[in-house]
1. Could you give me the residue pairs with C-beta distances under 7 Å whose first residue belongs to region 447-462 and is open to solvent by less than 10 Å² (accessible area, probe 1.4 Å), whose second residue is part of a loop (DSSP other than H, G, I, E, B) and of a type in the set (Lys, Arg) wherever it lies, and which are 6+ apart or on separate chains?
2. Name, by its number, the condition in (1) in a strand (DSSP E or B); (2) over 20 Å from the mean Cα position of the chain (by Cα); (3) not acidic (Asp, Glu) that does not hold for residue 301.
3. Just to be sure I understand, how many residues within region 186-215 are touching a helix residue (DSSP H, G or I) at 6+ places or on another chain (Cβ under 7 Å) and surrounded by fewer than 24 Cβ atoms within 10 Å (Cβ to Cβ)?
4. Here's a check for you: in region 205-234, which residue that is at pLDDT below 95 and hydrophobic (A, V, I, L, M, F, W, C) is farthest from residue 313 (Cα to Cα)?
5. What number of residues within region 445-472 satisfy the criterion of being assigned to a helix (DSSP H, G or I) and under 18 Å from residue 493 (Cβ atoms)?
6. Quick one: residue 133 ticks every box in (1) within 26 Å of the chain's Cα centre (by Cα); (2) within 19 Å of residue 179 (Cα to Cα) except a single one, so which number is it?
7. Identify all residues within region 473-508 that are outside any helix (DSSP H, G or I) and over 20 Å from the mean Cα position of the chain (by Cα); write none if there are none.
8. Any idea how many residues of region 91-138 are more than 19 Å from residue 75 (Cα to Cα), touching a Leu at 6+ places or on another chain (Cβ under 9 Å) and open to solvent by 30 Å² or more (accessible area, probe 1.4 Å)?
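The values are calculated or read from the model by the stated rules, or taken from the named source; none is laboratory data. The shown structure was predicted, so the numbers you read here are calculated from the model rather than taken from an experiment. In this analysis, Cβ positions are derived from the backbone assuming ideal geometry, glycine residues included, and neighbour counts consider all displayed protein chains. Surface areas here come from the heavy atoms of the whole protein model, side chains and all, with no ligands, DNA or RNA. Shrake-Rupley method; radii C 1.70, N 1.55, O 1.52, S 1.80 Å.
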Amino acid sequence: MLPRRPLAWLAWAFRGPPGPRGACAPGAAGSWGRRVGPLARRGCCTAPGTPEVQLTQERYPVRRLPFSTVSEQDLAAFERIVPGGVVTDPEALQAPNVDWLRTLRGCSKVLLRPRTSEEVSRILRHCHERNLAVNPQGGNTGMVGGSVPVFDEIILSTALMNRVLSFHSVSGILVCQAGCVLEELSRYVEEQDFIMPLDLGAKGSCHIGGNVATNAGGLRLLRYGSLRGTVLGLEAVLADGTVLDCLTSLRKDNTGYDLKQLFIGSEGTLGVITAVSILCPPKPRAVNVAFLGCPGFTEVLQTFSTCKGMLGEILSAFEFMDAECMQLVGRHLHLASPVQESPFYVLIETSGSNAGHDAEKLGSFLEHSLGSGLVTDGTMATDQRKVKMLWALRERITEALSHDGYVYKYDLSLPVERLYDIVTDLRARLGPHAKHVVGYGHLGDGNLHLNVTAEAFSPSLLGALEPHVYEWTARQQGSVSAEHGVGFRKRDMLGYSKPHEALQLMQQLKALLDPKGILNPYKMLPSQA
(Lines give C-alpha, C1' and ligand atoms only; values in the text may rest on other atoms or scores of the structure.)
Protein backbone atom coordinates (compact mmCIF):
# COMPACT_ATOMS: atom_id res chain seq x y z
CA MET A 1 0.00 0.00 0.00
CA LEU A 2 1.68 3.21 -1.14
CA PRO A 3 0.81 6.75 -0.08
CA ARG A 4 -1.66 8.70 -2.12
CA ARG A 5 0.29 11.95 -1.78
CA PRO A 6 3.63 12.77 -3.38
CA LEU A 7 6.53 13.09 -0.95
CA ALA A 8 7.84 16.16 -2.70
CA TRP A 9 8.99 17.67 0.59
CA LEU A 10 12.00 15.33 0.63
CA ALA A 11 13.63 17.34 -2.12
CA TRP A 12 13.62 20.56 -0.17
CA ALA A 13 13.11 19.60 3.46
CA PHE A 14 16.61 20.66 4.38
CA ARG A 15 17.03 23.82 2.34
CA GLY A 16 16.97 27.07 4.21
CA PRO A 17 13.51 28.64 4.29
CA PRO A 18 12.77 31.47 1.84
CA GLY A 19 11.72 33.68 4.71
CA PRO A 20 10.24 33.66 8.20
CA ARG A 21 7.43 31.14 8.48
CA GLY A 22 6.49 31.09 12.12
CA ALA A 23 6.26 32.86 15.41
CA CYS A 24 9.86 31.90 16.24
CA ALA A 25 11.32 33.78 13.31
CA PRO A 26 12.58 37.33 13.83
CA GLY A 27 10.06 39.79 12.57
CA ALA A 28 7.42 37.17 11.84
CA ALA A 29 3.81 38.10 12.16
CA GLY A 30 2.87 37.71 15.75
CA SER A 31 6.53 37.46 16.81
CA TRP A 32 7.74 38.47 20.24
CA GLY A 33 10.23 41.01 18.92
CA ARG A 34 7.91 44.04 19.09
CA ARG A 35 6.49 43.43 22.53
CA VAL A 36 7.47 45.61 25.47
CA GLY A 37 6.44 43.43 28.44
CA PRO A 38 8.44 40.69 30.16
CA LEU A 39 7.71 38.26 27.32
CA ALA A 40 9.73 40.42 24.96
CA ARG A 41 12.88 39.30 26.75
CA ARG A 42 12.02 35.60 26.66
CA GLY A 43 13.27 33.58 23.71
CA CYS A 44 14.85 30.33 22.62
CA CYS A 45 18.43 29.88 23.68
CA THR A 46 20.94 27.11 24.12
CA ALA A 47 23.08 26.21 27.09
CA PRO A 48 26.73 27.31 26.80
CA GLY A 49 28.85 24.56 25.28
CA THR A 50 25.85 22.60 23.96
CA PRO A 51 25.55 22.32 20.16
CA GLU A 52 22.43 24.16 19.10
CA VAL A 53 19.67 22.03 17.62
CA GLN A 54 18.24 23.49 14.44
CA LEU A 55 14.69 24.80 14.74
CA THR A 56 12.16 22.32 13.39
CA GLN A 57 10.52 25.04 11.30
CA GLU A 58 13.85 25.70 9.59
CA ARG A 59 14.69 22.07 8.86
CA TYR A 60 11.24 20.95 7.72
CA PRO A 61 8.71 22.59 5.35
CA VAL A 62 6.06 23.28 7.97
CA ARG A 63 4.11 26.49 8.39
CA ARG A 64 2.59 27.82 11.56
CA LEU A 65 -1.18 27.54 11.71
CA PRO A 66 -3.16 30.68 12.62
CA PHE A 67 -3.14 30.22 16.39
CA SER A 68 -2.99 33.14 18.80
CA THR A 69 0.22 33.98 20.64
CA VAL A 70 0.51 34.09 24.41
CA SER A 71 -0.07 37.53 25.90
CA GLU A 72 0.69 38.99 29.31
CA GLN A 73 -3.01 38.60 30.09
CA ASP A 74 -2.79 34.89 29.25
CA LEU A 75 0.18 34.51 31.60
CA ALA A 76 -1.76 36.20 34.36
CA ALA A 77 -4.70 33.85 33.77
CA PHE A 78 -2.40 30.82 33.87
CA GLU A 79 -0.81 32.03 37.09
CA ARG A 80 -4.26 32.19 38.67
CA ILE A 81 -4.97 28.61 37.55
CA VAL A 82 -1.60 27.09 38.53
CA PRO A 83 0.07 29.44 41.03
CA GLY A 84 3.82 28.94 40.79
CA GLY A 85 3.39 26.52 37.91
CA VAL A 86 4.02 28.93 35.03
CA VAL A 87 7.55 28.65 33.61
CA THR A 88 8.83 31.37 31.30
CA ASP A 89 12.55 31.33 32.08
CA PRO A 90 14.47 30.74 28.79
CA GLU A 91 17.04 28.48 30.42
CA ALA A 92 14.35 26.28 32.00
CA LEU A 93 12.59 26.04 28.62
CA GLN A 94 15.61 24.75 26.69
CA ALA A 95 15.20 21.05 27.47
CA PRO A 96 11.39 20.86 27.02
CA ASN A 97 11.75 22.43 23.56
CA VAL A 98 14.19 19.77 22.29
CA ASP A 99 13.40 16.13 21.56
CA TRP A 100 15.34 13.24 23.10
CA LEU A 101 17.31 12.63 19.88
CA ARG A 102 18.27 16.33 19.76
CA THR A 103 17.13 16.70 16.15
CA LEU A 104 13.94 18.74 16.63
CA ARG A 105 13.52 22.05 18.44
CA GLY A 106 10.51 24.22 19.05
CA CYS A 107 10.47 27.67 20.58
CA SER A 108 7.76 27.62 23.21
CA LYS A 109 8.07 30.45 25.69
CA VAL A 110 5.62 29.07 28.25
CA LEU A 111 5.49 25.78 30.15
CA LEU A 112 2.62 25.00 32.52
CA ARG A 113 2.84 22.49 35.38
CA PRO A 114 -0.63 21.58 36.66
CA ARG A 115 -1.17 19.11 39.51
CA THR A 116 -4.79 18.09 38.98
CA SER A 117 -7.23 17.27 36.21
CA GLU A 118 -9.27 20.32 37.19
CA GLU A 119 -6.27 22.57 36.57
CA VAL A 120 -5.70 20.92 33.17
CA SER A 121 -9.37 21.49 32.40
CA ARG A 122 -9.19 25.19 33.26
CA ILE A 123 -5.99 25.59 31.22
CA LEU A 124 -7.48 23.95 28.13
CA ARG A 125 -10.74 25.87 28.51
CA HIS A 126 -8.75 29.12 28.45
CA CYS A 127 -6.60 27.99 25.51
CA HIS A 128 -9.67 26.89 23.58
CA GLU A 129 -11.33 30.26 24.08
CA ARG A 130 -8.15 32.11 23.09
CA ASN A 131 -7.19 29.72 20.22
CA LEU A 132 -3.82 28.94 21.83
CA ALA A 133 -2.07 25.77 20.69
CA VAL A 134 -1.00 23.28 23.38
CA ASN A 135 1.74 20.65 23.35
CA PRO A 136 1.14 17.97 26.04
CA GLN A 137 4.43 16.61 27.38
CA GLY A 138 5.34 13.75 29.71
CA GLY A 139 8.90 12.53 30.11
CA ASN A 140 9.90 13.73 26.61
CA THR A 141 11.56 10.43 25.71
CA GLY A 142 9.82 9.91 22.37
CA MET A 143 11.61 9.08 19.12
CA VAL A 144 9.30 10.76 16.59
CA GLY A 145 8.99 14.34 17.81
CA GLY A 146 5.51 13.97 19.25
CA SER A 147 6.30 15.50 22.64
CA VAL A 148 8.00 18.78 21.68
CA PRO A 149 6.52 21.92 20.13
CA VAL A 150 7.06 22.68 16.47
CA PHE A 151 6.57 26.42 16.87
CA ASP A 152 5.53 28.32 20.02
CA GLU A 153 2.86 25.97 21.36
CA ILE A 154 2.31 26.11 25.12
CA ILE A 155 3.97 23.09 26.75
CA LEU A 156 1.59 21.40 29.17
CA SER A 157 3.75 19.22 31.42
CA THR A 158 2.31 16.37 33.49
CA ALA A 159 5.46 16.14 35.65
CA LEU A 160 3.68 17.24 38.85
CA MET A 161 0.72 14.93 38.27
CA ASN A 162 2.60 12.05 39.86
CA ARG A 163 0.34 10.59 42.56
CA VAL A 164 -0.75 6.97 42.91
CA LEU A 165 -4.49 7.18 43.53
CA SER A 166 -5.15 3.56 44.50
CA PHE A 167 -3.86 0.02 44.24
CA HIS A 168 -5.85 -3.14 44.90
CA SER A 169 -3.67 -5.97 46.17
CA VAL A 170 -6.12 -8.70 45.14
CA SER A 171 -6.93 -7.63 41.58
CA GLY A 172 -3.59 -5.91 40.90
CA ILE A 173 -5.35 -2.84 39.50
CA LEU A 174 -3.35 0.38 39.76
CA VAL A 175 -4.94 3.83 39.38
CA CYS A 176 -2.54 6.74 39.10
CA GLN A 177 -2.05 10.17 37.61
CA ALA A 178 -0.52 10.47 34.16
CA GLY A 179 2.76 12.01 35.31
CA CYS A 180 3.95 9.00 37.32
CA VAL A 181 7.35 7.79 36.09
CA LEU A 182 7.23 4.19 34.88
CA GLU A 183 10.23 3.04 36.93
CA GLU A 184 8.78 4.52 40.12
CA LEU A 185 5.48 2.77 39.46
CA SER A 186 7.38 -0.46 38.91
CA ARG A 187 9.07 -0.14 42.29
CA TYR A 188 5.75 0.69 43.95
CA VAL A 189 3.85 -2.32 42.61
CA GLU A 190 6.81 -4.68 43.12
CA GLU A 191 6.62 -3.88 46.82
CA GLN A 192 3.08 -5.30 46.59
CA ASP A 193 4.35 -8.40 44.69
CA PHE A 194 3.14 -7.20 41.29
CA ILE A 195 4.88 -5.81 38.21
CA MET A 196 3.95 -3.28 35.55
CA PRO A 197 2.79 -4.94 32.31
CA LEU A 198 5.29 -2.91 30.28
CA ASP A 199 9.01 -2.27 30.57
CA LEU A 200 10.98 0.19 28.46
CA GLY A 201 14.58 1.30 28.18
CA ALA A 202 13.36 4.83 29.01
CA LYS A 203 11.54 3.69 32.16
CA GLY A 204 13.59 6.02 34.37
CA SER A 205 12.16 9.10 32.63
CA CYS A 206 8.99 8.23 30.70
CA HIS A 207 5.55 8.91 32.20
CA ILE A 208 2.73 6.38 32.23
CA GLY A 209 0.43 8.93 30.57
CA GLY A 210 2.88 9.29 27.71
CA ASN A 211 3.21 5.52 27.49
CA VAL A 212 -0.56 5.22 27.11
CA ALA A 213 -0.81 8.19 24.73
CA THR A 214 1.75 6.56 22.42
CA ASN A 215 0.60 2.97 23.05
CA ALA A 216 4.19 2.11 23.97
CA GLY A 217 5.25 -1.50 23.43
CA GLY A 218 8.50 -2.48 25.08
CA LEU A 219 10.06 -5.63 26.42
CA ARG A 220 7.07 -7.37 28.01
CA LEU A 221 4.54 -7.19 25.19
CA LEU A 222 5.15 -10.82 24.17
CA ARG A 223 3.95 -12.02 27.57
CA TYR A 224 1.41 -9.42 28.72
CA GLY A 225 0.14 -7.86 25.51
CA SER A 226 -0.22 -4.20 24.58
CA LEU A 227 -1.60 -1.32 26.61
CA ARG A 228 -4.81 -1.58 24.63
CA GLY A 229 -5.52 -4.67 26.68
CA THR A 230 -3.95 -3.84 30.05
CA VAL A 231 -5.33 -0.30 30.38
CA LEU A 232 -8.77 -0.71 31.93
CA GLY A 233 -9.77 2.94 31.99
CA LEU A 234 -8.51 6.48 31.75
CA GLU A 235 -9.40 10.08 32.38
CA ALA A 236 -8.78 12.63 29.66
CA VAL A 237 -9.42 16.33 29.26
CA LEU A 238 -10.75 17.38 25.86
CA ALA A 239 -9.69 20.45 23.94
CA ASP A 240 -12.53 22.61 25.31
CA GLY A 241 -11.78 21.63 28.90
CA THR A 242 -14.38 18.88 29.24
CA VAL A 243 -13.20 16.18 31.64
CA LEU A 244 -13.99 12.72 30.27
CA ASP A 245 -13.99 10.35 33.23
CA CYS A 246 -13.67 6.80 31.93
CA LEU A 247 -11.42 5.78 34.81
CA THR A 248 -13.08 2.44 35.41
CA SER A 249 -11.31 -0.42 37.15
CA LEU A 250 -13.58 -3.10 35.71
CA ARG A 251 -12.14 -6.00 33.75
CA LYS A 252 -15.38 -6.36 31.82
CA ASP A 253 -17.63 -3.51 30.67
CA ASN A 254 -19.71 -3.94 27.52
CA THR A 255 -21.75 -0.73 27.80
CA GLY A 256 -21.38 1.09 24.52
CA TYR A 257 -18.26 2.27 22.70
CA ASP A 258 -14.91 1.68 24.38
CA LEU A 259 -13.94 5.35 24.35
CA LYS A 260 -10.61 4.87 26.09
CA GLN A 261 -9.27 3.23 22.94
CA LEU A 262 -9.61 6.57 21.12
CA PHE A 263 -7.01 8.09 23.42
CA ILE A 264 -4.60 5.14 23.64
CA GLY A 265 -2.09 5.83 20.88
CA SER A 266 -3.59 9.23 19.95
CA GLU A 267 -0.43 11.09 21.09
CA GLY A 268 -2.28 13.93 22.76
CA THR A 269 -4.10 15.01 19.60
CA LEU A 270 -7.62 14.15 20.85
CA GLY A 271 -7.28 14.91 24.56
CA VAL A 272 -4.80 15.14 27.41
CA ILE A 273 -4.67 11.91 29.43
CA THR A 274 -4.60 12.85 33.13
CA ALA A 275 -5.04 9.49 34.89
CA VAL A 276 -5.01 5.80 34.03
CA SER A 277 -6.27 2.51 35.47
CA ILE A 278 -3.99 -0.36 34.55
CA LEU A 279 -3.96 -4.08 35.27
CA CYS A 280 -0.68 -5.30 36.79
CA PRO A 281 0.29 -8.99 36.66
CA PRO A 282 1.65 -10.81 39.73
CA LYS A 283 5.40 -10.57 40.23
CA PRO A 284 7.07 -13.76 38.95
CA ARG A 285 8.84 -15.75 41.64
CA ALA A 286 11.39 -17.13 39.20
CA VAL A 287 13.05 -15.16 36.41
CA ASN A 288 15.69 -16.68 34.14
CA VAL A 289 17.55 -15.02 31.29
CA ALA A 290 19.53 -16.83 28.59
CA PHE A 291 21.85 -15.03 26.18
CA LEU A 292 22.69 -17.09 23.10
CA GLY A 293 24.74 -16.83 19.92
CA CYS A 294 23.19 -17.96 16.62
CA PRO A 295 25.02 -18.65 13.32
CA GLY A 296 22.39 -16.97 11.12
CA PHE A 297 18.98 -15.31 11.06
CA THR A 298 17.36 -18.52 9.87
CA GLU A 299 18.59 -20.12 13.10
CA VAL A 300 17.24 -17.15 15.07
CA LEU A 301 13.78 -17.84 13.63
CA GLN A 302 14.04 -21.56 14.28
CA THR A 303 15.21 -20.87 17.82
CA PHE A 304 12.12 -18.72 18.35
CA SER A 305 9.80 -21.44 17.06
CA THR A 306 11.51 -24.04 19.26
CA CYS A 307 11.42 -21.64 22.20
CA LYS A 308 7.66 -21.14 21.94
CA GLY A 309 7.06 -24.85 21.72
CA MET A 310 9.32 -25.91 24.59
CA LEU A 311 8.94 -22.99 27.02
CA GLY A 312 5.29 -22.21 26.42
CA GLU A 313 3.61 -20.27 29.20
CA ILE A 314 6.82 -19.19 30.95
CA LEU A 315 8.31 -17.37 27.92
CA SER A 316 8.20 -13.63 28.66
CA ALA A 317 10.67 -12.08 26.19
CA PHE A 318 12.51 -13.00 23.01
CA GLU A 319 14.86 -10.28 21.78
CA PHE A 320 17.46 -10.36 19.02
CA MET A 321 20.42 -8.25 17.94
CA ASP A 322 23.00 -8.54 15.19
CA ALA A 323 26.78 -8.65 15.48
CA GLU A 324 27.21 -4.95 14.70
CA CYS A 325 24.97 -4.05 17.65
CA MET A 326 27.21 -6.07 19.95
CA GLN A 327 30.31 -4.43 18.49
CA LEU A 328 28.90 -0.94 19.10
CA VAL A 329 27.85 -1.77 22.68
CA GLY A 330 31.37 -3.02 23.32
CA ARG A 331 33.14 -0.14 21.61
CA HIS A 332 31.15 2.75 23.05
CA LEU A 333 29.89 1.41 26.38
CA HIS A 334 32.63 -1.14 27.15
CA LEU A 335 30.15 -3.94 27.77
CA ALA A 336 31.63 -7.35 27.08
CA SER A 337 29.83 -10.16 25.30
CA PRO A 338 29.29 -13.17 27.59
CA VAL A 339 29.37 -15.59 24.64
CA GLN A 340 31.68 -16.19 21.69
CA GLU A 341 31.38 -13.90 18.69
CA SER A 342 28.37 -14.76 16.55
CA PRO A 343 26.48 -13.22 13.59
CA PHE A 344 23.35 -12.93 15.76
CA TYR A 345 22.43 -12.99 19.41
CA VAL A 346 19.14 -13.69 21.17
CA LEU A 347 18.03 -12.88 24.70
CA ILE A 348 15.35 -15.11 26.14
CA GLU A 349 13.56 -14.41 29.41
CA THR A 350 11.29 -16.78 31.31
CA SER A 351 9.01 -15.75 34.16
CA GLY A 352 7.11 -18.18 36.32
CA SER A 353 6.12 -19.28 39.80
CA ASN A 354 8.28 -22.39 40.24
CA ALA A 355 12.05 -21.97 39.96
CA GLY A 356 12.76 -25.68 39.63
CA HIS A 357 10.11 -26.22 36.96
CA ASP A 358 11.25 -23.21 34.93
CA ALA A 359 14.96 -24.07 35.16
CA GLU A 360 14.24 -27.61 33.99
CA LYS A 361 12.26 -26.40 30.96
CA LEU A 362 14.88 -23.82 30.04
CA GLY A 363 17.69 -26.33 30.48
CA SER A 364 15.97 -28.80 28.16
CA PHE A 365 15.45 -26.08 25.58
CA LEU A 366 19.12 -24.99 25.72
CA GLU A 367 20.34 -28.58 25.45
CA HIS A 368 18.15 -29.15 22.39
CA SER A 369 19.17 -25.87 20.75
CA LEU A 370 22.90 -26.48 21.23
CA GLY A 371 22.63 -30.07 20.10
CA SER A 372 20.75 -29.20 16.92
CA GLY A 373 23.12 -26.40 15.90
CA LEU A 374 20.56 -23.62 16.29
CA VAL A 375 22.75 -22.07 18.97
CA THR A 376 26.56 -22.06 18.99
CA ASP A 377 27.15 -20.68 22.49
CA GLY A 378 25.12 -19.45 25.43
CA THR A 379 24.96 -18.40 29.05
CA MET A 380 22.14 -18.33 31.58
CA ALA A 381 21.45 -16.11 34.60
CA THR A 382 19.11 -16.47 37.54
CA ASP A 383 20.51 -13.97 40.06
CA GLN A 384 19.32 -10.39 39.70
CA ARG A 385 22.78 -8.89 39.14
CA LYS A 386 23.65 -11.10 36.18
CA VAL A 387 20.13 -10.81 34.78
CA LYS A 388 20.53 -7.02 34.67
CA MET A 389 23.97 -7.37 33.05
CA LEU A 390 22.54 -9.50 30.25
CA TRP A 391 19.56 -7.19 29.72
CA ALA A 392 21.93 -4.20 29.53
CA LEU A 393 23.44 -5.64 26.34
CA ARG A 394 20.03 -5.30 24.69
CA GLU A 395 18.58 -2.26 26.44
CA ARG A 396 21.63 -0.02 25.90
CA ILE A 397 21.95 -0.48 22.14
CA THR A 398 20.18 2.84 21.57
CA GLU A 399 22.69 4.57 23.85
CA ALA A 400 25.61 2.97 22.02
CA LEU A 401 24.22 4.09 18.66
CA SER A 402 23.97 7.68 19.90
CA HIS A 403 27.74 7.64 20.45
CA ASP A 404 28.40 6.45 16.90
CA GLY A 405 27.28 9.61 15.09
CA TYR A 406 24.04 10.85 13.57
CA VAL A 407 21.39 8.13 13.74
CA TYR A 408 18.54 7.52 11.29
CA LYS A 409 15.95 5.48 13.20
CA TYR A 410 13.14 3.29 11.91
CA ASP A 411 10.67 1.32 14.03
CA LEU A 412 8.97 -1.22 11.79
CA SER A 413 6.45 -4.05 12.12
CA LEU A 414 7.15 -6.82 9.63
CA PRO A 415 6.37 -10.51 9.11
CA VAL A 416 8.99 -12.26 11.26
CA GLU A 417 10.36 -14.27 8.34
CA ARG A 418 11.24 -11.00 6.53
CA LEU A 419 12.28 -9.07 9.61
CA TYR A 420 16.00 -8.84 8.84
CA ASP A 421 15.85 -8.62 5.02
CA ILE A 422 15.64 -4.83 5.04
CA VAL A 423 18.93 -4.65 6.97
CA THR A 424 20.87 -6.61 4.35
CA ASP A 425 19.06 -4.66 1.61
CA LEU A 426 20.18 -1.33 3.08
CA ARG A 427 23.77 -2.42 3.62
CA ALA A 428 24.01 -3.17 -0.09
CA ARG A 429 22.10 -0.01 -1.04
CA LEU A 430 24.06 2.45 1.12
CA GLY A 431 27.53 0.90 0.98
CA PRO A 432 30.25 3.18 2.40
CA HIS A 433 27.86 6.13 2.74
CA ALA A 434 26.71 4.72 6.11
CA LYS A 435 28.96 3.88 9.04
CA HIS A 436 26.71 1.11 10.34
CA VAL A 437 23.37 -0.41 9.42
CA VAL A 438 22.09 -2.47 12.34
CA GLY A 439 18.97 -4.40 13.22
CA TYR A 440 17.64 -5.47 16.59
CA GLY A 441 14.34 -5.63 18.38
CA HIS A 442 11.42 -7.63 19.65
CA LEU A 443 11.39 -10.68 17.42
CA GLY A 444 8.48 -12.14 19.36
CA ASP A 445 6.37 -9.13 18.32
CA GLY A 446 7.66 -8.84 14.74
CA ASN A 447 9.17 -5.45 15.64
CA LEU A 448 12.46 -4.40 14.02
CA HIS A 449 14.49 -1.42 15.19
CA LEU A 450 16.43 -0.47 12.07
CA ASN A 451 19.20 2.07 12.66
CA VAL A 452 21.66 3.69 10.29
CA THR A 453 24.59 5.75 11.60
CA ALA A 454 26.71 8.33 9.79
CA GLU A 455 29.34 10.86 10.81
CA ALA A 456 26.81 13.68 10.41
CA PHE A 457 23.39 14.35 8.99
CA SER A 458 23.33 14.04 5.21
CA PRO A 459 20.36 15.01 2.99
CA SER A 460 21.64 12.63 0.29
CA LEU A 461 21.75 9.72 2.75
CA LEU A 462 18.24 10.56 3.91
CA GLY A 463 17.15 10.58 0.28
CA ALA A 464 18.58 7.09 -0.15
CA LEU A 465 16.70 5.89 2.94
CA GLU A 466 13.34 7.55 2.39
CA PRO A 467 10.95 6.74 0.96
CA HIS A 468 12.74 3.44 0.17
CA VAL A 469 12.40 2.06 3.72
CA TYR A 470 8.69 2.90 3.84
CA GLU A 471 8.00 1.54 0.36
CA TRP A 472 9.82 -1.70 1.23
CA THR A 473 7.78 -2.00 4.43
CA ALA A 474 4.51 -1.36 2.57
CA ARG A 475 5.30 -4.13 0.08
CA GLN A 476 5.57 -6.56 3.01
CA GLN A 477 2.20 -5.35 4.37
CA GLY A 478 4.08 -4.00 7.39
CA SER A 479 3.70 -0.91 9.55
CA VAL A 480 5.94 2.16 9.43
CA SER A 481 5.57 2.53 13.20
CA ALA A 482 5.47 -0.50 15.45
CA GLU A 483 5.70 1.11 18.89
CA HIS A 484 7.34 4.56 18.72
CA GLY A 485 4.26 6.31 17.40
CA VAL A 486 3.82 8.78 14.56
CA GLY A 487 4.51 12.20 16.07
CA PHE A 488 5.86 14.89 13.79
CA ARG A 489 8.39 12.79 11.90
CA LYS A 490 6.07 10.15 10.45
CA ARG A 491 2.81 12.02 9.99
CA ASP A 492 3.19 12.11 6.21
CA MET A 493 4.13 8.42 6.12
CA LEU A 494 0.78 7.08 7.34
CA GLY A 495 -0.32 6.41 3.77
CA TYR A 496 2.16 3.55 3.62
CA SER A 497 0.26 1.70 6.36
CA LYS A 498 -3.30 3.05 6.31
CA PRO A 499 -5.84 3.39 3.48
CA HIS A 500 -7.23 6.75 2.45
CA GLU A 501 -10.59 5.97 4.07
CA ALA A 502 -8.94 5.35 7.44
CA LEU A 503 -7.02 8.63 7.22
CA GLN A 504 -10.23 10.48 6.44
CA LEU A 505 -11.98 8.96 9.46
CA MET A 506 -9.03 9.92 11.69
CA GLN A 507 -9.31 13.49 10.44
CA GLN A 508 -13.05 13.51 11.16
CA LEU A 509 -12.49 12.26 14.72
CA LYS A 510 -9.91 14.99 15.24
CA ALA A 511 -12.32 17.64 13.95
CA LEU A 512 -15.08 16.34 16.23
CA LEU A 513 -13.06 16.29 19.46
CA ASP A 514 -10.74 19.24 18.71
CA PRO A 515 -12.47 21.46 16.15
CA LYS A 516 -9.93 24.26 16.53
CA GLY A 517 -7.00 21.88 16.23
CA ILE A 518 -5.21 23.26 19.30
CA LEU A 519 -4.09 19.90 20.77
CA ASN A 520 -0.60 18.86 19.66
CA PRO A 521 -0.86 20.40 16.18
CA TYR A 522 1.43 19.26 13.35
CA LYS A 523 1.50 15.74 14.83
CA MET A 524 0.02 12.33 13.98
CA LEU A 525 -2.23 13.27 11.04
CA PRO A 526 -0.85 13.85 7.53
CA SER A 527 -0.33 17.52 6.75
CA GLN A 528 -2.53 17.22 3.64
CA ALA A 529 -5.16 14.82 5.01
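1. 453/435; 454/435
2. (1)
3. Of the residues in that region, 7 qualify.
4. By that ranking, first place goes to 216.
5. From region 445-472, those assigned to a helix (DSSP H, G or I) are 445, 459-465, 468-472; that's our starting set.
Next, from what is left, pick out any that are under 18 Å from residue 493 (Cβ atoms): 459, 461-465, 468-472.
Residues in region 445-472 being assigned to a helix (DSSP H, G or I) and under 18 Å from residue 493 (Cβ atoms): 11 in total.
6. Every condition holds for residue 133 apart from (2).
7. Taking region 473-508 first, the residues outside any helix (DSSP H, G or I) are 476-490, 497-499.
If the condition is that a residue be outside any helix (DSSP H, G or I) and over 20 Å from the mean Cα position of the chain (by Cα), then 476, 477, 499 are the ones that fit.
8. 0
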